[in-house]
Amino acid sequence: MDYRLKKVGKALCPPVLLSGVKALSRSIRKPALKMAERSSEWYDRAFSRTLETHKHYTEANHYFLWSTIASLIARDGVRSVLDLGCGSGQFADLLRDRGIREYRGIDFSRKRVEWARQHCPDFTFVVEDVLRTDLFKTFGYDAVVCAEFLDHVQSDIEVIRRIKPGARFYSIVPNFPYLSHARYFRDSKEVRDRYAGYFRDFRVSSYRADKKSKTYFLLEGVKL
């Protein structure tokens, strides 16, 4: 009986109307994404089950963006890098291979830092809270990198204020929501409105992440 009813329904509904009903049904069934800043334990668990964060940097989805930042670092003559939210050290590996010798990576996920230390022993990685670390004062950095970090923390402006004047700044932020995002940006104007006032020579470039209009914004500037 159910099968016959479905056939009748398809026959009576025009294709456009039928597709609209299906789309509406999917949207009703799909729960809203709950974005929130996550704990270090959450990132430890995510690292353990996510293959992407264990890959060599040349095989990672962010390889192009990381390479772009590395090229900017070379262009600007940067010699020492403070990497906030360094994760499992993939970007650090790339910097080492591009000739950077002075580097500090900081992350509050113990498992990610342990992995980074094993796979990039030439560099120093620490398990600390970015809002409490003394590295902003004790490490002689030329540049700060936040590769998908600012969008994951509520206190992004407080972090930026800790950067010393004159330091180069490079960052990546997204235009799409995710479970561990504290925020995302619909366009480059929203990025400028939030961050441009803290830097001189501030620039925002847009890069398509996939065919579904996901975009990453690459930020660069010099801290005021």
Legend entry - Residues of the stretch 128-149 that turn out to be closer than 23 Å to TYR43 by Cα, free of Cβ contacts under 8 Å to residues at least 24 places away in the same chain and not basic (Lys, Arg), as a count: 3
Inset, instruction - Looking only at the stretch 111-134, count how many residues are crowded, with 19+ Cβ neighbours inside 10 Å and not β-branched (Val, Ile, Thr). - result: 7
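Of all residues in the stretch 62-72, how many are farther than 12 Å from SER171 by Cα and either without any contact (Cβ under 8 Å) to a residue 40 or more places away in the chain or surrounded by 22 or more Cβ atoms within 10 Å (Cβ to Cβ) (or both)? Explain how you work it out, then say what you get.
Initial filter on the stretch 62-72 (farther than 12 Å from SER171 by Cα): 62-64, 67, 71.
Next cut, either without any contact (Cβ under 8 Å) to a residue 40 or more places away in the chain or surrounded by 22 or more Cβ atoms within 10 Å (Cβ to Cβ) (or both) only: 63, 67, 71.
Here the count works out to 3.
Conditions (1) of a type outside the set (Ser, Thr, Tyr); (2) modelled with pLDDT of 95 or more; (3) surrounded by 13 or more Cβ atoms within 10 Å (Cβ to Cβ); (4) on the phi > 0 side of the Ramachandran plot, marked per residue:
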residue: PHE185; (1), (2), (3), (4): yes, yes, yes, no
residue: GLU190; (1), (2), (3), (4): yes, yes, yes, no
residue: TYR195; (1), (2), (3), (4): no, yes, yes, no
residue: LYS212; (1), (2), (3), (4): yes, no, no, no
residue: THR215; (1), (2), (3), (4): no, yes, yes, no
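Going by the conditions given, is PHE185 closer than 21 Å to GLY87 by Cβ, assigned to a strand (DSSP E or B) and in the same structural domain as ALA46 (by TED's automatic domain parsing)? Break it down into steps so the answer makes sense when it comes.
Working: closer than 21 Å to GLY87 by Cβ: yes; assigned to a strand (DSSP E or B): no; in the same structural domain as ALA46 (by TED's automatic domain parsing): yes.
Against the criterion (closer than 21 Å to GLY87 by Cβ, assigned to a strand (DSSP E or B) and in the same structural domain as ALA46 (by TED's automatic domain parsing)), PHE185 does not qualify.
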Legend entry - Residues satisfying the stated conditions in the stretch 153-168, i.e. within 21 Å of ARG38 (Cα to Cα) and outside any loop (DSSP other than H, G, I, E, B): ASP156, ILE157, GLU158, VAL159, ILE160
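Residue by residue through the stretch 131-152, note down the ones that are within 18 Å of PHE199 (Cβ to Cβ) and either hydrophobic (A, V, I, L, M, F, W, C) or assigned to a strand (DSSP E or B) (or both).
In the first step, residues of the stretch 131-152 are kept if they are within 18 Å of PHE199 (Cβ to Cβ); the result is 136, 141-147, 149-151.
Once the filter is applied, which keeps residues that are within 18 Å of PHE199 (Cβ to Cβ) and either hydrophobic (A, V, I, L, M, F, W, C) or assigned to a strand (DSSP E or B) (or both), the stretch 131-152 yields PHE136, ALA143, VAL144, VAL145, CYS146, ALA147, PHE149, LEU150.
Have a look at PHE149, PHE91 and point out the one that is touching a Leu at 6+ places or on another chain (Cβ under 7 Å) and crowded, with 16+ Cβ neighbours inside 10 Å. So that I can check it myself, show each step before the final result.
On the way: PHE91 fails: touching a Leu at 6+ places or on another chain (Cβ under 7 Å).
Going through PHE149, PHE91 in turn, the sole match is PHE149.
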Inset, instruction - Take ARG200 and decide whether it is farther than 17 Å from ILE73 by Cβ and outside any helix (DSSP H, G or I). - result: yes
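Taking helices (runs of 4 or more DSSP H) that fall entirely within the stretch 12-119, which contain at least 2 residues that are over 15 Å from the mean Cα position of the chain (by Cα) and modelled with pLDDT of 95 or more? Explain how you work it out, then say what you get.
Details: elements: 15-29, 40-49, 63-75, 90-97, 110-119.
Of the helices (runs of 4 or more DSSP H) lying wholly inside the stretch 12-119, those with at least 2 residues that are over 15 Å from the mean Cα position of the chain (by Cα) and modelled with pLDDT of 95 or more span 63-75, 90-97, 110-119.
The values are calculated or read from the model by the stated rules, or taken from the named source; none is laboratory data. For clarity, every value in this text was computed on a predicted model and none was experimentally measured. We place every Cβ from the backbone using ideal geometry, glycine too, and count neighbours over all the protein chains shown.
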